[in-house]
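Each remark here refers to the structure printed beneath this line.
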Amino acid sequence: MCGRFVSASSPGEIADYFGAAMVGETMTEPNYNVAPSVPVPVVAQSEDGRRLDLMRWGLVPFWAKSVSIGNKMINARVETVTEKSAFRNAIKKHRCIIPADAFYEWTAVTDPNAKKPRKQPWCIQRNDGAPFAFAAMFESWRDPDGDGSRLQSCAILTGPANAAMEPIHDRMPIMVPPDMWDAWLDPTDTDAAALLAAITAPPAELFDIYAVSTAVNNSRSSGVQLLEPVAPMTTESLAAEAGAAGEGRLL
């Protein structure tokens, strides 16, 4: 799955990289800990070409009665996305790309002094400095009790992990290679299953993965310091940490 990611590139940089025109409210501050329900940059296709806009992360189906359903719709599994009622319209007609400078995933580390494991966050980046192009889809929703205005929201597609990600998690975001951007964004091509079958996982050697501070675990944490590498937490280091704290109390 993908529950947090980094959106630090400027709108201009994103627009240039994806060959898109900026429209709407696209001027946002860098976000090093993007959490569900916030606006995120999205590249989609319009009659005039590719456009870069902001959409709420967490897809709200057009038939939903409340926007709250989007809180559970941040990801869609590639294996079932064409079948699920919440996604099957969007995946056929409203595909898009969510640019990401990095994303986070977690592993559980046994804490000998606690009942529950600790969560070690890992940062995953491309080692060439380019952004990831997450395969995504969007939907337009109108609040039946509102003023008639529309909300655009999106979800990220996930699939099996590649060799680089497997030690951390069994799933990862689907990533659209540049030679498939046109096809993926084409709203006239409704054969989503064929498009998804044509996307292969990026090579493991493209990924740079390292441990980061547990500050990332709090969705309110922010700042570029979240990307700084740290020594990964281990069961042994947690035991030593607890032992040192115990000795300090004895003193």
For this session: Name the residues whose placed amide hydrogens come within less than 5 Å of the amide hydrogen of residue 111, ignoring near sequence neighbours (fewer than 5 apart) on the same chain.
Result: 118
Exercise. Along each of its three principal axes, how wide is the spread of alpha-carbon positions in region 110-251, in whole angstrom units, largest first?
Worked result: 71, 46, 28
Problem set entry | Summed side-chain charge close to residue 163 - residues other than residue 163 whose Cβ falls under 15 Å, Lys, Arg +1, Asp, Glu -1 | -4
For this session: Would you work out the charge dipole size for the chain about its Cα centre, treating the Cβ of every Lys and Arg as +1 and the Cβ of every Asp and Glu as -1, and quote it to the nearest 20 debye?
Result: 980
Exercise. How big is the charge dipole of region 136-251 about its Cα centre, in debye rounded to the nearest 20, if each Lys and Arg gets +1 on its Cβ and each Asp and Glu gets -1 on its Cβ?
Worked result: 440
Seminar exercise, completed: Sorting 181, 30, 233 by the position of each Cα along the dipole of the chain (Lys, Arg +1; Asp, Glu -1; all at Cβ), the one nearest the positive end of that ordering is 233
Exercise. Classify region 97-166: rounded, prolate or oblate, from the alpha-carbon gyration tensor (a ≥ b ≥ c, eigenvalue square roots; a/c under 1.5 rounded; otherwise prolate if a/b is larger than b/c)?
Worked result: oblate
For this session: Determine the calculated [θ] at 222 nm for the chain from helices alone, applying -39500 (n - 2.57) to every DSSP H run no shorter than 4 residues and normalising by the residue count; nearest 500 deg cm²/dmol.
Result: -4500 deg cm²/dmol
Problem set entry | Lys/Arg +1, Asp/Glu -1 at C-beta; region 5-250 dipole; positive extreme among 114, 172, 200 | 114
Exercise. What's the long-distance tail for the chain, i.e. % of Cα pairs beyond 33 Å?
Worked result: 22
For this session: Of the options 70, 163, 217, report the single residue whose Cα projects farthest towards the positive end of the charge dipole of region 5-250 (beta-carbon charges: Lys, Arg +1; Asp, Glu -1).
Result: 70
For this session: Quick one: P(r) of region 32-80 from all Cα-Cα pairs, 5 Å bins, percents rounded to integers, in order of increasing distance.
Result: 5, 18, 19, 23, 20, 12, 2
Exercise. Using a ≥ b ≥ c from the Cα gyration tensor of region 78-133 (square roots of the eigenvalues), is it rounded, prolate or oblate, where a/c under 1.5 gives rounded and otherwise the larger of a/b and b/c decides, a/b for prolate?
Worked result: oblate
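None of the figures in this text is laboratory data; all of them are computed from the coordinates on show. Predicted model, so just to flag it, every value in this text is computed and none were measured. We place every Cβ from the backbone using ideal geometry, glycine too, and count neighbours over all the protein chains shown.
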